[in-house]
1. Does region 87-120 hold any residues that are open to solvent by 70 Å² or more (accessible area, probe 1.4 Å), modelled with pLDDT under 90 and within 16 Å of the chain's Cα centre (by Cα), and which are they?
2. Looking at region 151-182, which of the residues that are open to solvent by 90 Å² or more (accessible area, probe 1.4 Å) and among the basic types (K, R) is farthest from L125 (Cα to Cα)?
3. All but one of (1) surrounded by fewer than 17 Cβ atoms within 10 Å (Cβ to Cβ); (2) in a helix (DSSP H, G or I) hold for R51; state the number of the condition that does not hold.
4. Spot the failing condition for Q12; the list is (1) open to solvent by 80 Å² or more (accessible area, probe 1.4 Å); (2) modelled with pLDDT of 70 or more; (3) in a loop (DSSP other than H, G, I, E, B), and only one is missed.
5. Quick one: count up the residues across region 66-86 that are surrounded by 14 or more Cβ atoms within 10 Å (Cβ to Cβ), part of a helix (DSSP H, G or I) and among the charged types (D, E, K, R).
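The values are calculated or read from the model by the stated rules, or taken from the named source; none is laboratory data. Please read these numbers as outputs of a predicted model, since none were measured by experiment. Cβ placement follows ideal geometry from the backbone for every residue including glycine, while neighbour counts extend to all protein chains displayed. Just the protein is used for accessible areas: all its heavy atoms, side chains included, with ligands, DNA and RNA removed. Shrake-Rupley method; radii C 1.70, N 1.55, O 1.52, S 1.80 Å.
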Amino acid sequence: MRGQAGSLPLLQYTLDLLWQEERRPDGLADRHLNTRAYRELGGVRGALQKRADEIYAAFGDRVDPKRASAKQEIVRQIFLRLVDIAGVASDDAVWRPVRRRTAMANFSAAEEQELLQELVNQKLLVSTKEKDTEATVEVAHEALFTSWERLKKWIEGGKQVIFVKNRLADDARRWHRRRQEDGVVPRRNC
């Protein structure tokens, strides 16, 4: 964790979970947090995975907990829209997932907006709005990409689609921006 950007929020997750573990009836006998509970959590990364799993499970369906609920599927789609693939797409050995900042307006369905806000409230995602720009959202901690097994599997399963989709979106945005800079107003099909 030392020297990594964004370490303080990860430490916050860990300390919060460690405190919860020690507050159990059999914990905090000597009013000290101990390394045993820290190791049981799996350290900072284990605490992050545990927290992400708990949040994801809260969106589950009580009727059939083995299948992803509609809300959990939307959560999966949200996370996959907030990841990009760095490296060469054709070379599986050189790629790695990275954060992708996306406009909040790209999540137009009411249920997407509701779940997005809940994920921001739970601090798995962060939302920013700077003056004269639209609000954006991104994954709060890149460590989620390597610590949260569920997310790692989602990304692994869809990495080629993620790579192509993001490149097409970036190309379309650049094309649109160049047309605006050249003073060409895009035609609408009637």
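1. Of everything in region 87-120, those that are open to solvent by 70 Å² or more (accessible area, probe 1.4 Å), modelled with pLDDT under 90 and within 16 Å of the chain's Cα centre (by Cα) turn out to be R96, R99, R101, N106.
2. By that ranking, first place goes to R178.
3. It is condition (1) that R51 fails.
4. (3)
5. Residues in region 66-86 being surrounded by 14 or more Cβ atoms within 10 Å (Cβ to Cβ), part of a helix (DSSP H, G or I) and among the charged types (D, E, K, R): 3 in total.
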